[in-house]
1. If I take the Cα coordinates of the protein assembly as shown and project them onto the principal axes, what are the three extents in Å, biggest first?
2. Just to be sure I understand the rule: take each whole DSSP H helix in chain A, project its Cα atoms onto its long axis, keep it if the span is 30 Å or more and its mean Kyte-Doolittle hydropathy is at least -0.5. Which ones pass?
3. Between 0 and 90 degrees, rounded to the nearest ten: what's the tilt of helix C:459-476 against the longest Cα principal axis of chain C?
4. Which FRET efficiency value, to the nearest 0.05, do you get for B:L300 and C:R140 by plugging their Cβ-Cβ distance into 1/(1 + (r/R0)^6) with R0 = 25 Å?
5. Convert each backbone phi in the range C:99-105 into a coupling constant with the Karplus relation 6.51 cos²θ - 1.76 cosθ + 1.60 (shift: θ = phi - 60°), then list the ³J(HN,Hα) values in order as whole Hz, x for Gly and Pro.
6. Using r as the Cβ-Cβ distance of B:I114 and C:E78, and R0 as 25 Å, what FRET efficiency do you calculate, to the nearest 0.05?
7. Assuming 0.36 nm per residue, please report the length gained on full extension of the stretch A:V51 to A:D101 beyond their Cα-Cα distance.
8. Which value at 222 nm does chain B reach when only helices count, each DSSP H run of 4 or more adding -39,500 (n - 2.57), with the total divided by all residues and rounded to the nearest 500 deg cm²/dmol?
Amino acid sequence: MSQSDPTIAEEGPAVTADATTGRSLWQDAWIRLRRNRAAVASAVVLLVFVVAGVFGPMVAPHPYDAIYTQYVRVPASLEAYPRADTIEPAFERALKRARVDVGKVTVDGSSVSAPISKDEKIDPRIVRYLDRSDIFHDATITDLNDAVTQGVMTAAVTRELFPFGTDANGRDLLSRILIGVRVSLAIGVLASFMSLVLGVGYGAVSGYLGGRVDDVMMRIIDILYSLPFIFFVILLVVFFGRNFVLIFIAIGCTEWLDMARIVRGQTLTLKRQEFVQAAEALGVGDMGVLKRHIIPNTLGPVMVFVTLLVPKAILLESLLSFLGLGVQEPMTSLGVLISEGAANMRSATWLLLFPAAALTIMLFALNFLGDGLRDALDPKDR
Amino acid sequence: MFSYVIRRFGSALPTLFIVITLSFFMIRLAPGGPFDLQRPLDPLIMQHLKHAYHFDEPLWKQYLLYLNNLAHFDLGPSFTRRDFSVLDLFRTGLPVSIELGGFALLIALVVGSILGAFAALKQNSWNDYGVVALATLGITIPTFVIAPLLSLVFGVMLDWLPAGGWGGGDFSHVILPVVTLALPQIGIIARLTRGATIEALRSNHVRTARAYGLPSFVVVGVHAMRAAILPVVSYLGPTAAALLTGSVVVETIFGVPGIGRYFVQGALGRDYTLVMGTVIVVAVFVIVFNLIVDILYALLDPRVRFD
Amino acid sequence: MSENAKPILAVRGLDVRFETNDGPVQAVNGIDLDIMPGETVAVVGESGSGKSQTMMAIMGLLASNGRATGSAKYRDQELIGLGEKRLNRVRGAKMTMIFQEPMTSLDPLYRIGRQIAEPLVHHAGMGRSAARKRCIELLRLVGLPEPERRIDSFPHELSGGQRQRVMIAMALANDPDILIADEPTTALDVTIQAQILELLADLQKRLGMAIVFITHDLGVVRRFAERVYVMKLGDVVEEGRTAAIFDDPTHDYTRMLIKAEPSGSKPPVEESSPVLLEGKDVVVGFRQENAGWFSGSSEFRAVDGISLRLRRKQTIGVVGESGSGKSTLGRALLRLVHGRGTVRYGDRDISSLDKRGMRPLRKELQIVFQDPFGSLSPRMTVGQVITEGLLVHEPDLSRRERDKRAIDGLKDVGLDPAMRNRYPHEFSGGQRQRIAIARAVILKPKVMVLDEPTSALDRSVQKQIVELLRRLQEEHDLSYVFISHDLAVVRAMSDYILVMKDGKVVEEGVAERIFDHPEKEYTQALVQAAMDTDPITVSAAR
């Protein structure tokens, strides 16, 4: 072997293509992930959910906490409310409350009018009876006779669209689902991040130090495992009251146990790897080994675990909300909505179906993406 | 093996003790108390009540008292259900939870492992993808969604089964809760079995069995499946404990009188004894089932020794 | 074997390809093979030659993404494309196979008796008790001690060699016509290897089946086979009688393979050469938890009182079988594991230095590991890998200077420096081992511990690595502790030999003396097992 011919063909062409640029394991995984159609589809669905959660509430036609007393529990429909056949009675009812006699009501596009009469003078302020309702606005009285006892009441009809219907309080379900998606995603991501930090820190220290320290730290984990999750969360809620921050802390605090175990196991395996021993033989210190060898190599499994942790956290948040331990009214989350839907399902199925579908699709996409990521990062499975 | 069981129980006791201690002080240090939640009581009555339940004594004394009672298998009276002792509540509720959880576990185990093995044998076919998608769906749909949906479809729309209630535990009332409990477990077990079977089918000893011309029912049934069942067995420990001690969601939605509800109700109502009782029951179930699973595992895998 | 006998296995135009994520991979390119009744044929080649996949295809054992086309006939039965049911009448009965991995080829969950009995029950229709009797006979035949007792053992209760005997018993159960042995001794220690080979030769003499030997080891081929097929990248490049192939190879590749046997030797260094590294009564013990509650723990001594002196430019070969403690000794000398006794480097006693105290010395005391796949961090580029030591020992270097050192380092080990931005998984085993050597050499060390640096590599690559190490020793005045179980490589590299067994030195001395006149029985057995080239085949007389 001579130095003039440095590229020696050894056992077959392991090095192919352009020799100067390498393809890291991350790039390999990325290519595999892009080939996985289920994972790509899931990623697109998730992107839609994220956009809906972040921007949806801003562009939604109704505020999530606005109450439309006229439209309590209206079914989902792509047609705007009020319906033609309800305008007349509503108009009549409103005017009856104003104690005027109503003639024939005519509906013309988005305005409605009817002759009104009264034994005494008509008070012009009665337009308030109409304006106050959700259905009408800009009510005016025209064509008053000189005695101010007869005239024509005209009002514009407020068209409201409730594609997913409204809840038992008359709030737009679509807007509430959008805000619910936002809350669920935020809690899922924040809780996962929290358990990531806790779990990676605890697990890496435990695994890297090993020995007695490791024994004690793992024993603590075992004990925490045998405390039921709900017990812990309820106590937190009891101590500190119910709020958004607390919930993701509570979930993060319970979900980090698995993460710690995974990271510890990884660290223990890596510590025995020859490349870590080689680094030690080079005189690389503990920090260098952790930074250049242990952490980059645990990142793959940790990433997969986090992807699967997000749906778990979302599920837990929903469960808490379902049990009435989650976010408080008028703020809402998918779990709260499902709980309300379950309570009203006999009379208003849409209240259950839409939030349930939203949650399920989101969790399904997250799980499939996690699976895809695992297959991409650990290709031996396929 | 007997001495192994004894030793395992010996090492579980400290854990149980720590769990009891932690839970006791955590719940007792929480603000509020069992008598605060109704209309304010007459101070004198309150004093009597507190005295009757030893609440006027220092916390450490109450703790020792509780441990003493516990040693005599006395879990104390329930504060929210005044006429019952905690033990009474478990005596009526636990069989219900065990019945539901047991059925669910059985169904999940049978259906899940068959589905998983089937998918593994047809790996990367449409059958496989179908099973994986179904299993993932089973895992992703939360029980608190499945439960009302099942109740809505089979109870309200089709009117085949009671939408809720217990009805003394007759068969028709059991079906929907059991199915609700079983569905996610079917999903998990199917995925677990599938993965383990695929790995087993790829192992060298299965290759040996094939190389020796053994019929495929022997290759799969004898050599692959026994290896594939091992991870499922390990999974069963905590799962069985969780299923048999009841589910708050299922019991709330279907109105089942099990013990799963006690935890949330007890904690919210500061029913100290009920919460403690539930913690202990759950912990004991976890310990016992982990032990059973370890023994089962050692029986299935000769490489594992009892020491 | 008469000239006009019909082959018992005739392969024509066998093609094997695998569908992978990166497109189809052709493993075997339409090869022809003939196996005559009762003969011993070796199929020899390096990794990637397709020799194993050929046999897997014939036995219908290809992985699910593999496809075989062409023809392979057992007597008159076409095997390629044959349905599972009909194939099962041949495999396990008339054609059997033993594998490279004795540790995993048996089902860990069943007793060996049951596993040997399965082919008997399913092919010969034997009852359980008859099968058990036959099992004991077979175990006795393959020389497993105490067969009546061992028949109820689980695989994990047997050693590697014993498991391979069990596999052979299973293969013989139905009196096969052909026994395919896929690298059956590669995972075993040399002395065990020799025993297994002798067993196979003896069994063939007694039972008269044909044996197809798949191997990379020309020593095995020379001693064992009557005929040879040489495979390279999916093609048969040469075939013929063993003696003819070895005496007069016609194909370049065959010639290269034969020449690839490591050769040469190293003359001893002069007595006046200064001692660089000295170990005195080195002991490394590991604590073992004993079974039972009160029995406490005891110490297992992996290295039990070993002394050695390494002089400048000397190479001490440490040989021994698995578990002899040779790797632990190497690590103890570099203070990578804690031991007792004294280790001196130059005139310093380094045995009590802590991690920080050792750090400046690490530059001069380097190590290369066995596994070229495990010893390089998979997420760092080659450039980062080989310059990591510079970060510690020459922290003032600029990025540009480090890059320049990386270029020089790669050139030094014969790799194209343009590859420094690639990742380890993109390289072959031999290239990776070069990278690992570059990582050590870049620090300009004085002493290098080489822990089985060639054991995971093909022979032809081994030879290149051996030559590289020799050249580096010359150019950089290096001293080596060369740890290996492979006596051929050790002989080519070392001038002084330490033979280890169970943590102790069995024999030591100048290389030539150890190899030519071993004194101790154990050394003799080792040397004989590794160096013998006499045929052990006793061909079935026809």
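The values are calculated or read from the model by the stated rules, or taken from the named source; none is laboratory data. The shown structure was predicted, so the numbers you read here are calculated from the model rather than taken from an experiment. Using ideal geometry, Cβ is built from the backbone for each residue, glycine included, and neighbour counts are taken over all protein chains shown. Side chains are part of the model used for accessible areas, which takes the heavy atoms of the whole protein and leaves out ligands, DNA and RNA. Shrake-Rupley method; radii C 1.70, N 1.55, O 1.52, S 1.80 Å.
1. Largest to smallest, the principal-axis extents are 135, 73, 73 Å.
2. Those that pass (Cα extent of 30 Å or more, hydropathy at least -0.5) are A:37-59, A:173-209, A:244-272, A:295-322, A:350-377.
3. 10 degrees
4. Computed FRET efficiency for B:L300 and C:R140: 0.25.
5. My calculation for the range C:99-105 gives 10, 6, 9, x, 6, 10, 6 Hz in order.
6. 0.10
7. Full extension from A:V51 to A:D101 adds 12.9 nm.
8. Rounded to the nearest 500, it is -23500 deg cm²/dmol.
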